[in-house]
Amino acid sequence: MNAPHQVAVGVLTDEGLPEQVINTIADELPETFAALVSGQTRWRVEHEVDQLPLNEDGDIPMRTLSERHRKGRGWDLLVLVTDLPRRVGRKPIVAGVDVEHGVAMISLPALGAVLLRRRVRALLVRVVRQLVSRRSGDHGAQDAGTRLQEALAPTQFLADDRTPSATHVALVGLRGRLRLLAGMVRDNRP
């Protein structure tokens, strides 16, 4: 009998709201990943708080952070969670995923002002599933409910022109713009 393999997921967050949201769901993430990503895997999730730096272009250097944090901590995958709005061109980004480097980034403002924990949990499942399936070559089965939910979301996948192994989940349409606006208002707490 084969023992299930273990996947260690590091979740690195900015201080403030990203830290608070992940603190409330971190303990349930291993069971969530087992149920919704792979039940054949033992999941270990570790959460750390650090200020996510910006490079000279104003981007979060996902690859550099992945190299620095994954090797030093024994993480297989790294998910960055920030309260900074992110864009590719003119499109606001919910998440960015770089399969080759085992790293993803989630931008909280793009998730709106309500149901934040639920949306973060669902997006964590989505990006971890993408990282695991692409690395293992399994372009995997999603149940019909998951496919329908992703189809109805105000998002679309975009390929990264500069990096073939990277994709982005971008907000689209009026619902997407309204969700981003609500998330930015929530972050600024006027």
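When all protein chains stay in place, what accessible area (Å², nearest 10, 1.4 Å probe) is found for Val88?
Approximately 60 Å² for this residue.
Just to confirm a number: summing +1 for Lys and Arg and -1 for Asp and Glu over residues other than Glu31 whose beta-carbon lies under 13 angstrom from that of Glu31, what do you get?
+1
By how many nm would the segment from Arg90 to Arg73 lengthen if fully extended, with 0.36 nm per residue of separation less the alpha-carbon distance?
The span from Arg90 to Arg73 would gain 2.6 nm if fully extended.
The values are calculated or read from the model by the stated rules, or taken from the named source; none is laboratory data. From a predicted model like this one, the values you see are computed outputs, not experimental measurements. Note that we place each Cβ from the backbone using ideal geometry, even for glycine, and neighbour counts take in every protein chain shown. Accessible surface is based on the protein model in full, side chains and every heavy atom, while ligands, DNA and RNA are left aside. Shrake-Rupley method; radii C 1.70, N 1.55, O 1.52, S 1.80 Å.
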